[in-house]
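For reference, the structure discussed in these notes is given below.
Just so it is clear, none of the values below were taken in a lab; they were calculated from the coordinates. Owing to the predicted nature of the structure, the values given are computational and were not obtained by experimental measurement. Reconstructed Cβ throughout: ideal geometry from the backbone, glycine too, with neighbour counts over all protein chains shown.
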Amino acid sequence: MKIQVPFGEGVETVDVPEDSIGEIVFPNELQMKDEETLLLDALSNPLGSRGLSEFLKGAKDVVVIVNDATRPTPTAMILNQINSQLKEYDFKVVIATGMHRAPTEDEYRFIFGERHEDLRPHVHPHDSKNGETVRLGTTKRGTEVRLNKMVMEADKIIVIGSVEPHYFAGYTGGRKAFLPGVSAYGTIEQNHKLALSIEAQALRLEGNPVHEDMKEAMTYLEEEKIFSIMVVLDRNHKICSAYAGNIDAAFDAAVPKADEVFVVEMKSKAEIVVAVTSFPHDIDLYQSQKALDNAKYAVKDGGIIILVSACRTGIGPDNFLNLLASAETPEAALEKIAQKYKLGYHKAAKMAEIGLKMKMFAVTRLEPSVARKAHLMPMATVQEAIDAGLAELGANAKVTFIMDAVITVPKVRPR
């Protein structure tokens, strides 16, 4: 059976024996409505908040927080929708990079589209290491909350984001615009250390220490200063639902809709799972790791995950890679992480935990030596990886494909 697997800007066609096909998994397809109508409805019916025009009335300094290029959030469309209200005010757009680098010129265009040039004077990428921050307090878990000074000095903050499953925060969106979005590096490091907990996993909010720490950090902010616009995207990155108003109310309303799209029931686990990382999540290995973490729920112990990601800009923040490269085995990596934590080690820990139970192959544009440092077995093509997996695990092995693995969470039906 021939199957088209997205890779980079194109596709690779693979041929898998019919008897070896497990399942081919996409995010669920929902009945679509007009995107602009959905946004207008959300803005016209804000949750737990005044409407946007009333919210902005009398504002002197407005900040709009938006996602960076690692998310497919339709930022330009949303900005166009609120432009008539926003243009009356002095406003700045802060890109919530978290601990990521500032966008490239191409990435600015991806974020802002045709608005790129006219918005350029307003745009400020957050710099977690060198930017000015304001200390707000310390959470009960020990996270010193320091947020971007420009954001904190604004008298009105508009947050634009998208909600989808996240492998250790439960879900993206909402509170993540502030932590990690516009937090100091040390704040992010302290919060992300909590991702080492077994309770920090996709789809989990209650009892998830990362999420609860983020929520506690939000208590230092004045709720009435924040207006949120949260969207849920479908498998084609089109808006399928939208919510506006109070940041918690909009986020909470979006979560069940995100589950409808991204939580996919499967009949059974497979010996081999092809975890495809789609644009824009294939920006680097740091982001693509999330595909491995979701795919692990669909693989039998002793099986193989095949990561498929262009890793267009390389590795990304390299602390996690350096840690993995310094350890010969997953066990050794976990021992080192237990001794001392640095930001990024949570990612190394998640990869090492997978490595204890299964093998990881990788089809990327990284140098093979780099992939090996991450305990990934490099393969030139998806076909080569599948053939190698079937040769190793036998003719009875099943191959399952998860076509957008960074944001698709498989749930195997109980027998």
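A few remarks follow.
- Modelled spin labels at Asp61 and Glu199, positioned 7 Å past Cα toward Cβ, are 3.7 nm from each other.
- For the range 35-262, a simple Cβ point-charge model (Lys and Arg +1, Asp and Glu -1, everything else neutral) yields a dipole of about 400 debye relative to the Cα centre.
- Which of Met358, Met351 has the fewest Cβ neighbours within 10 Å, and the rest in rising order: Met358, Met351
- Gain in span if fully extended, Val11 to Val412, counting 0.36 nm per residue against the direct Cα distance: 141.6 nm
- Measuring between their Cα centroids, the range 177-200 and the range 210-245 lie 17 Å from each other.
- Selection from Val159, Pro209, Ala177, by position along the positive dipole direction of the chain (Cβ): Pro209
- Burial ordering of Ile226, Ile306, fewest other beta-carbon atoms within 10 Å first: Ile226, Ile306
- Per residue, the average separation of C-alpha pairs within less than 8 Å and at least 6 apart gives the chain a relative contact order of 20 percent.
- Cβ charges +1 (Lys, Arg) and -1 (Asp, Glu), total dipole of the range 140-282, debye: 220 debye
- CD proxy at 222 nm, helix term only [per DSSP H run n ≥ 4: -39500 (n - 2.57); per residue of the chain; nearest 500]: -9000 deg cm²/dmol
- Under 15 Å from the Cα of Lys140 - aspartates and glutamates, other chains or at least 8 residues apart: Glu212, Asp213, Glu216
- The range 196-278, relative contact order [Cα under 8 Å, separation at least 6], %: 17 percent
- Spacing of the two label points (7 Å from each Cα toward its C-beta) at Thr381 and Lys357, in nm: 3.2 nm
- Compactness of the range 305-415 as Cα Rg over 2.2 N^0.38 Å, two decimals: 1.13
- Relative to the Cα centre, the charge distribution of the chain, modelled as +1 at Lys and Arg Cβ and -1 at Asp and Glu Cβ, gives a dipole magnitude of about 900 debye.
- For the listed residue pairs Lys342/Lys411; Lys193/Lys300; Lys176/Lys350; Lys176/Lys336, the alpha carbons are over 22 angstrom apart in Lys342/Lys411; Lys193/Lys300; Lys176/Lys336.
- Ordering Lys398, Lys225, Lys60 from the fewest to the most neighbouring beta carbons within 10 Å gives Lys60, Lys225, Lys398.
- Ranked packing of 383-396, 265-278, 5-18, 71-84, most packed first, by mean Cβ within 10 Å: 265-278, 71-84, 383-396, 5-18
- Span per principal axis, largest first, for the Cα atoms of the chain (Å): 69, 49, 42
- Based on Cα contacts under 8 Å between residues 6+ apart, the range 35-262 shows a relative contact order of 25 percent.
- Inter-site label distance for Asp318 and Leu40 at 7 Å from Cα along Cβ, in nm: 5.1 nm
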